[in-house]
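What follows is one structure encoded as structure tokens, with my remarks underneath.
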Amino acid sequence: MMPSEVYAELRPELFSSASRSQSLDRAMDLGLAEDHFSRPVVPVQDSFVALDIEQLKMAIEECKRLILELPEHSERQKDTVVKLIHLRLKLQELKDPEEDEPNLRVLLEHRFSKEKSKSVKQTCDKCSTIIWGLIQTWYTCAGCYYRCHSKCLNLINKPCVRSKVSHQSEYELSICPEIGLDRQDYRCAECRTPVSLRGVPSEARQCDYTGQYYCSTCHWNDTAVIPARVIHNWEFEPRKVCRSSMRYLALMIPRPVLKLREVNPLLFNFVEELVEIRKLRQDILLMKPYFITCKEAMEARLLLQLHDRQHFVENNDMYSLQDLIDISSGRLSCSLTEIHTTFAKHIKLDCDRCQAKGFVCELCKEGDILFPFDSHTSVCHDCSAVFHRDCFYDNSTTCPKCARMTERKHDDPPYPKDT
């Protein structure tokens, strides 16, 4: 069926004259041609554009009427729905014609890049409407993944969240620190739109991370794990947060900024998994000196097995929120135990150089070669000598190595002072 015939079927009374038929044929070429997604050649004159828009609106209304009148679930009704979609896309295309947009834009520390995808349906973070990738130009911030229409770029008033992460890498550690709507002057904490709990003029939605209230444009009921609830209650249930908090938490989740021994040291008394992970991390730090002085370990890049948790080879008391989530789920315990086994195997079995750096218990002078990360050993805090745990704690004398070092220090004559 030709496009003009389809439109004649929709509105036969509009085809009373040849001139009107030609005009409406052009409207159908815009919306119901075989290549529905090709860009029409829009006339330069505004009156021509307005005429095409009006004709498309007429065709859309007629399609809507026919959809209601045709038998439900019939093939003809389905075809009419498809035609209605195509007409609406063409109408939107004429209302918002594509312009030559730059590929990169920098606004409020956002680094926006023009998106190439035409098939992904996203939502604009500025106007909260759908981004139709087929006919609309849109941008994404490379730092915080803020998405918006090209026409909304100049209306953005929210700075990039990544800049906040760079300058203020710390969490709010109070659980939902609410101050009340009255302290906010009954306005959104971000855009200052009037809000109320009754939803008039706009619904007030609370962010569980900041404790403040936001409008529906700034708070989409996204959910995230709240760091304060994890640290104080070991609770991982996602809570509703505003858009800016969601982006901030997403960027902060891999950063090791939580020092549990200072924030909540009692947590180790109630969470056995934390104690296990702390012991594994302490052992890995004791293994590190072996690897950085071992040629084979450096060539095998053993320490790179922890490349996604680099802080594990730097300290044993800093945690990221992702670490705590993985500890709760059991994933971290399994992966870290496997890495620990690989490291210990290299030092104790595979590498002769690392084995040569082991210790013999000087108190009993029996047993195998000892290493500081063995579970049955104790390490002298002063000289780092390694002993059997039973020998070191049961022996009433001081560490033999420390005694030798003290004796040698007394026997050596002092260096003469320069005159």
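The values are calculated or read from the model by the stated rules, or taken from the named source; none is laboratory data. A quick note: this is a predicted structure, and the numbers were derived from the prediction, not measured. Here Cβ is always computed from backbone atoms with ideal geometry, including for glycine, and neighbour counts include all displayed protein chains. All accessible areas refer to the heavy atoms of the entire protein, side chains included, with ligands and DNA or RNA removed. Shrake-Rupley method; radii C 1.70, N 1.55, O 1.52, S 1.80 Å.
For the peptides 349-355, 179-185, the ranking by mean Cβ contacts within 10 Å, running from highest to lowest, is 349-355, 179-185. In order along region 355-369, the phi-based Karplus estimate (6.51 cos²θ - 1.76 cosθ + 1.60, θ = phi - 60°) of 3J(HN,Hα) comes to 5, 5, 9, x, 10, 10, 5, 7, 8, 10, 6, 10, x, 7, 5 Hz; Gly and Pro are listed as x.
Look at the dipole of region 167-316 built from charges on Cβ: of ILE292, SER244, GLN212, the Cα furthest out on the positive end belongs to SER244.
Within region 318-406, the GluC sites (Glu not before Pro) that combine a DSSP coil assignment with at most 14 other C-beta atoms in a 10 angstrom radius are GLU366. Under a 5 Å amide H cut-off, with hydrogens placed 1.01 Å from N, SER202 pairs with SER196 among residues at least 5 apart or on other chains.
Solvent-accessible surface of protein heavy atoms, probed at 1.4 angstrom with all chains present, puts MET298, MET318 in the order MET298, MET318, largest first. Rounded to the nearest whole Hz, the Karplus-based 3J(HN,Hα) values (6.51 cos²θ - 1.76 cosθ + 1.60, θ = phi - 60°) of region 309-324 follow the sequence 9, 4, 5, 5, 9, 10, 7, 10, 10, 9, 10, 9, 4, 5, 4, 5, with x at glycine and proline. Taking amide H as placed 1.01 Å from N in the peptide plane, the amide H of ARG239 sits under 5 Å from that of ALA224, VAL225, ILE226, each at least 5 places away or on another chain.
Length gained on full extension, HIS232 to GLU109, computed as 0.36 nm times the residue gap minus the Cα-Cα distance: 40.9 nm.
Based on protein heavy atoms only, region 162-314 ends up with 53 Å² per residue of surface accessible to a 1.4 Å probe. Only protein atoms count toward the accessible area here, which uses a 1.4 Å probe; on region 323-414, the carbon and sulfur part of that area reaches 52 percent. Largest to smallest in accessible area, the residues GLU69, GLU276 fall in the order GLU69, GLU276 (1.4 Å probe, all protein chains included). Computed extension length for ARG76-THR342: 89.1 nm, one decimal, from 0.36 nm per residue of separation with the Cα-Cα distance subtracted.
Could you work out how far apart the two model spin labels at GLN310 and ARG65 are, taking each label as a point 7 Å from the Cα in the direction of the beta carbon, and quote it in nm? In this crude label model, GLN310 to ARG65 measures out at 6.7 nm. Annotation: peptides 277-289, 369-381, ranked by per-residue average of other Cβ atoms within 10 Å with the highest first, follow the order 277-289, 369-381.
Calculated on C-alpha atoms, the gyration radius of region 232-370 divided by its Kirkwood radius gives an Rg/Rh of 1.06.
Its Cα centre serving as origin, region 169-253 has a Cβ charge dipole (Lys and Arg +1, Asp and Glu -1) of approximately 240 debye.
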